[in-house]
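What follows is a single structure, written as structure tokens, with notes after it.
The values are calculated or read from the model by the stated rules, or taken from the named source; none is laboratory data. Being a predicted model, the structure only gives us computed values, none of them experimental. When we count neighbours, we look across all protein chains shown, and the Cβ atoms used for this are built from the backbone with ideal geometry, even at glycine. Please note that ligands, DNA and RNA were not included when accessible areas were found on the heavy atoms of the full protein model with its side chains. Shrake-Rupley method; radii C 1.70, N 1.55, O 1.52, S 1.80 Å.
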Amino acid sequence: MSTRSSPYASGPLPPRGRETPERHNPLIRTSDRVEFWLRRVLMAVLIVGLPVAGLVVGRTTYESSIRTAQTQSAERQQVGARVVSIAENVGQAAKERAQVRWTDDSGAVRTSSALLKPGMTEGATVRVWVDRDGTVTAAPLTKRQALGNGWFAGGFTVVGVTAGVFLTRAGARLLLDRGRYARWDAEWELVEPTWAGRFRR
């Protein structure tokens, strides 16, 4: 008989639907009860906590992105600008960096660097986004992008919580098994001399 044969109680498996450990069953160990209730808690987290966490994080991210989009829309505006020169041509598959010039609301002429669609030529008229300081910037966040951010954050939360639940269960099972094996070995060391002595007679 191997001391590493099994850390679990021997005997047939209980029928489905009757997995609750009996309080007065001498074969049920404390580690069995811990594992049983841990499984129930983790199952509750998956059933109840998982959708709630995904919904809360997704909605919070969406609302935060919407506020950002509103702030950017209030601080940025599109202006017509003329391409002065192409500073860097990185090919048709990417944007081109160019110098553009436009006149702001106060009548001042401004020049700045901007990323434009490929194929632009000097002298062409383009629309660029500028902030209140007159600096060329990216377009404000859109509602679709805010919605996408919400879905991404919610989905990532769902994946993270699911992975955390399974990792917690696997880690707890590993620790419990180590304890079971240690107690199994300790008990076998006490029983083995008596057991082996029966065969020396």
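Less than 5 angstrom separates the built amide H of Val84 from those of Gln99, Val100, Arg101, Gly123, all sequence-distant by 5 or more or on a different chain.
Accessible surface for segment 56-168, divided over its residues, is 64 Å² per residue with a 1.4 Å probe.
Contour minus end-to-end for Thr60 and Ser73, with contour as 0.36 nm per residue of separation and end-to-end as the Cα-Cα distance?
2.7 nm
Here the Karplus relation 6.51 cos²θ - 1.76 cosθ + 1.60, evaluated at θ = phi - 60°, turns the backbone of segment 108-123 into coupling constants of 7, 8, 10, 10, 7, 8, 8, 8, 10, 5, x, x, 5, 10, 5, x Hz, with x for every Gly and Pro. The 3J(HN,Hα) values that the Karplus relation (6.51, -1.76, 1.60; θ = phi - 60°) gives for segment 142-157 are, in residue order, 9, 5, 5, 5, 4, 5, x, 4, x, 5, 5, 5, x, x, 5, 5 Hz. Gly and Pro appear as x. Working note: Karplus 6.51/-1.76/1.60 with θ = phi - 60° gives segment 47-63 the couplings 6, 9, x, 4, x, 5, 4, x, 5, 5, 5, x, 5, 4, 5, 4, 5 Hz, where Gly and Pro are set to x.
Evaluate the charge dipole of segment 49-201 about its Cα centre and quote only its size in Debye, nearest 20, assuming +1 on the Cβ of each Lys and Arg and -1 on the Cβ of each Asp and Glu.
Values: 21 positive and 14 negative charges, 114 e Å.
Once rounded to the nearest 20, the dipole reads 540 debye.
Spacing of the modelled spin labels on Thr125 and Phe152, each 7 Å from Cα toward Cβ, amounts to 3.5 nm.
Simple spin-label estimate for Ala186 and Thr103 gives 9.0 nm between the two label positions (7 Å along the Cα-to-Cβ direction from each Cα).
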